[in-house]
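The values are calculated or read from the model by the stated rules, or taken from the named source; none is laboratory data. As the structure is a computational prediction, the values presented were derived from the model and not from experiment. Backbone-built Cβ (ideal geometry, glycine too); neighbour counts: all protein chains shown.
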Amino acid sequence: MVQGRRTVGLCCTGGGLGTIGKKKISIDISGENNYKIIGDNMSWAFETLKGDEKVGPTSKGWGIIDNYGVRIVDGASEVDILLCGILVDAVYHGGVSYH
């Protein structure tokens, strides 16, 4: 095993923008940093969970370009939660299918 290297697994469900059903992303990072991102039917409001603990909601705003609001719960990793917000954009609003 190479010291300092982390393995990351990613699983997405729920289809792209406009599909029916909740959106889900599971992020499996080696160690204790596993996240779930659960979104609404329209892919505009997401909740990020670390285990069963809510660590940061993400919401898509109206505008000509994509913009998001990300809140980070006290004690949560700012970098991890911001990266989760970037994943939401890439998976559900980036125009490329990851499913």
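Please go through segment 40-75 and give me each residue that is farther than 22 Å from residue 11 by Cα and touching a residue at least 24 places away in the same chain (Cβ under 8 Å), ordered by number.
Within segment 40-75, 66 is the sole residue that qualifies.
Within segment 38-63, how many residues turn out to be over 12 Å from residue 80 (Cα atoms) and in contact with a Ser or Thr (Cβ under 9 Å, 6 or more places away or on another chain)?
Qualifying residue count, segment 38-63: 12.
Quick check on my filter: what residues within segment 41-52 are at pLDDT 85 or above and either hydroxyl-bearing (Ser, Thr, Tyr) or loosely packed, with under 14 Cβ neighbours inside 10 Å (or both)?
Selection gives 48, 51, 52.
Restricting to segment 50-69, name every residue that is touching a strand residue (DSSP E or B) at 6+ places or on another chain (Cβ under 8 Å) and aliphatic (A, V, I, L, M).
Of everything in segment 50-69, just one residue is touching a strand residue (DSSP E or B) at 6+ places or on another chain (Cβ under 8 Å) and aliphatic (A, V, I, L, M), namely 55.
Can you find even one residue in segment 58-68 that is within 12 Å of residue 39 (Cα to Cα) and of a type in the set (D, E, K, R)?
Looking for residues that are within 12 Å of residue 39 (Cα to Cα) and of a type in the set (D, E, K, R), one finds at least one in segment 58-68, hence yes.
Checking residue 63 against (1) assigned to a loop (DSSP other than H, G, I, E, B); (2) surrounded by 11 or more Cβ atoms within 10 Å (Cβ to Cβ); (3) at pLDDT below 90, which test does it fail?
Failing condition for residue 63: (2).
For segment 24-39, name all the residues that are in contact with a Leu (Cβ under 9 Å, 6 or more places away or on another chain) and without any contact (Cβ under 8 Å) to a residue 24 or more places away in the chain.
26, 28, 36, 38 - these are the residues of segment 24-39 that are in contact with a Leu (Cβ under 9 Å, 6 or more places away or on another chain) and without any contact (Cβ under 8 Å) to a residue 24 or more places away in the chain.
Given the criteria of a type outside the set (Ser, Thr, Tyr), at pLDDT 85 or above and either part of a loop (DSSP other than H, G, I, E, B) or closer than 23 Å to residue 78 by Cβ (or both), does residue 32 qualify?
no
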